[in-house]
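The values are calculated or read from the model by the stated rules, or taken from the named source; none is laboratory data. Given the structure is predicted, the values throughout are model-derived calculations rather than measurements. For neighbour counting, all protein chains shown are included, and Cβ atoms are generated from backbone atoms with ideal geometry for every residue, glycine included. Keep in mind that these areas ignore ligands, DNA and RNA; they rest on the heavy atoms of the full protein, side chains included. Shrake-Rupley method; radii C 1.70, N 1.55, O 1.52, S 1.80 Å.
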Amino acid sequence: MNEEKNQKSEARIEKFVTIAQKVGNQIHLRSLRDGLAPMMPLFILAGIAVLINSVFLDPSGFMNNVLSESTMVTWQGFGNLIINATLNVAAILFVISLSYQLSKNRGYTNPIGAAMAVLPAFFTFLPMLVTVTVDEKATQIGGMIAYSNVGTSGVFAAILVGIIGTELFIKLTTVKRLRISLGENVPPAVANSFNVMLPAIITVSLFALLSFLIQLGGSDLMSLISHFIQEPLRAVGTSLPGYLLLVCLGNLLFSFGIHQSVIAGPILDPLLLLNMNDNMAAKAAGTEPPHIITNAFHQVFGSLNMASGSTVALIIAIFIFSKYQPYRNLAKLSLGPNLFNINEPIIFGLPIVFNLPMIIPFVLSPIIGTVIGYAATSLGLVSKTVVMIPWTTPTLISGYLATAGDWRAPVIQVLIIVILVFFYLPFLKISEKVAIANAEKA
């Protein structure tokens, strides 16, 4: 009877794993994840520029006795150039990267050709007139592109154009009547460009026609996407309940051997990056950052920058309270990688995967860190995260850097670790007993 129950349970788990893998390998979700990856170094560079401008070159900061105010303001221009070249053109970079990666994932042989066709299609979404303030009067000016439209606010437009435009372009290239052949003795680069000429013309023209018709009605596609798609999704995904749901779901998948980035990455990461970039831009402009939950908040408090499940607390619990030698040996081996956010040794070595006593705290631990970090930030006990940090940044250092030098952030991280140590402890003891019983039985 027990064996039959175990078999049914394993069958249900296997079915869940299969479904999750299919969803995670869906080509558009995978392309979103692949498209974001090459941009991370640029976002980190923008974060460093914000950090330097906000901490070292802030006229009201600790360097005011070393450098003159005029010198600091002048050199802030260097950081602002970096921010404009990375953060404030994020949508342009992303539409190119996403189109290229989707083309590769589709097996299309000319991915750069697809990206070159989709980029102008994205520009057709931009409003023809930009509102600027001159002498405290709002004036509309044509013939210019505003950073506000091609930065983080344009990311969802980039996603839509990147996916729909690329799919349309690739489909059109399969129509033989749309190919222009110049013969065999033409250089390959020239031949490829003529082969995709008509598909590129049609793709850009269709997007331009749609955008033109909407602008005749007094609006523009960029504003419509932001109002009806981007902001509602962001409001749900980066709210406290929505964020916790996605993060805990990602950890649940990881506990079944599927990396959390497969599901949570394509869904959650773009939303967190939007908030992160908004905060960095606000900090660079000297205004109050608008968001609590950001990409850096997730690293600093949601996972303590110690990978999924904040497993550094589990390792500390093993060192302090466990006498089971196999666990202690594994903790010693896992500590070094874990300090730099490499979590696999403890997850697959202990293991946490398919180990019910450890799955429970692993899935629920983000709730503790997130709620404490969110409460501390909303009460003004710690600054909002305004600096994009590398995912390998060790804890404590991550909190200090992400908040642009707020010493209270590492203190909050220490508090979260202490609480999580005792949260993991009873489940660790149960897991030890199960491991010992299984060893004796074997």
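Around residue 316, what is the net charge, scoring Lys/Arg as +1 and Asp/Glu as -1 over all other residues with Cβ under 14 Å from its Cβ?
+2
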Where does each of 94-104, 168-178 land if you order them by average Cβ count within 10 Å, highest first? 94-104, 168-178
Degrees, to the nearest 10: 69-85 long Cα axis against longest axis of the chain: 80 degrees
If you take the charge dipole of the chain about its Cα centre, with +1 on Lys and Arg Cβ and -1 on Asp and Glu Cβ, which of 254, 92, 57 is farthest toward its positive end? 254
Counting C-alpha atoms alone, how compact is the chain: give Rg to one decimal and Dmax as a whole number, in angstrom. 25.2, 82
Tilt of helix 90-105 relative to the longest C-alpha principal axis of the chain, in degrees (0 to 90, nearest 10)? 80 degrees
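Any idea of the accessible area per residue across the range 276-434, 1.4 Å probe, to the nearest Å²?
Values: 6140 Å² over 159 residues.
Per-residue accessible area for the range 276-434 comes out at 39 Å².
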Measuring with a 1.4 Å probe in the full set of protein chains, what accessible area per residue, in whole Å², belongs to the range 175-226? 65 Å²
Quick check: the angle from helix 356-378's long axis to the longest principal axis of the chain, C-alpha only, nearest 10 degrees? 60 degrees
Expected vector for the range 221-227, Karplus 3J(HN,Hα) from phi with 6.51, -1.76, 1.60 and θ = phi - 60°, integer Hz, x for Gly and Pro, equals 4, 4, 5, 5, 5, 4, 6
Does the range 77-152 come out rounded, prolate or oblate by the C-alpha gyration tensor, with a ≥ b ≥ c the root eigenvalues, rounded set by a/c under 1.5 and, if not, prolate when a/b is larger than b/c and oblate if not? oblate
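Can you give the longest run of the chain that contains no GluC sites (Glu not before Pro) sitting in a DSSP loop with at most 12 other Cβ atoms inside 10 Å?
Working: sites that count: 136, 184.
With a cap of 12 other Cβ atoms within 10 Å, the longest stretch comes to 185-442.
Relative to the Cα centre, what is the charge dipole magnitude of the chain, using +1 at the beta carbon of each Lys and Arg, -1 at the beta carbon of each Asp and Glu, and rounding to the nearest 20 debye?
Details: 24 positive and 20 negative charges, 236 e Å.
In total the dipole reaches around 1140 debye.
In Å, the Kirkwood hydrodynamic radius of the range 274-353 over pairs of distinct alpha carbons? Intermediate values should be presented prior to the final figure.
Values: mean 1/r = 0.0704 Å⁻¹.
Result for the range 274-353, one decimal place: 14.2 Å.
Work out the length of the dipole vector of the range 300-433 about its Cα centre, built from +1 on the beta-carbon of each Lys and Arg and -1 on the beta-carbon of each Asp and Glu, and round it to the nearest 20 debye. Kindly include the intermediate steps, with their values, before the conclusion.
Values: 7 positive and 3 negative charges, 55 e Å.
So the magnitude is around 260 debye.
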Accessible area of the chain with a 1.4 Å probe: how many percent of it is carbon plus sulfur? 67 percent
How large are Rg and Dmax for the range 378-423 when calculated on the C-alpha trace, in angstrom? 10.9, 30
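What does the net charge come to around residue 106 if you take all other residues with beta carbon closer than 14 Å to its beta carbon, with K and R at +1 and D and E at -1? Can you show the working numbers first?
On the way: positive: 30, 104, 171; negative: 34, 167.
Neighbour charge sum, excluding residue 106 itself: +1.
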Give, as a single signed number, the net charge of other residues whose beta carbon lies under 15 Å from the beta carbon of residue 199, with Lys and Arg counted +1 and Asp and Glu -1. +4
Ordered by packing density, taken as the mean number of other Cβ atoms within 10 Å over each peptide's residues, highest first, how do 267-279, 394-406 rank? 267-279, 394-406
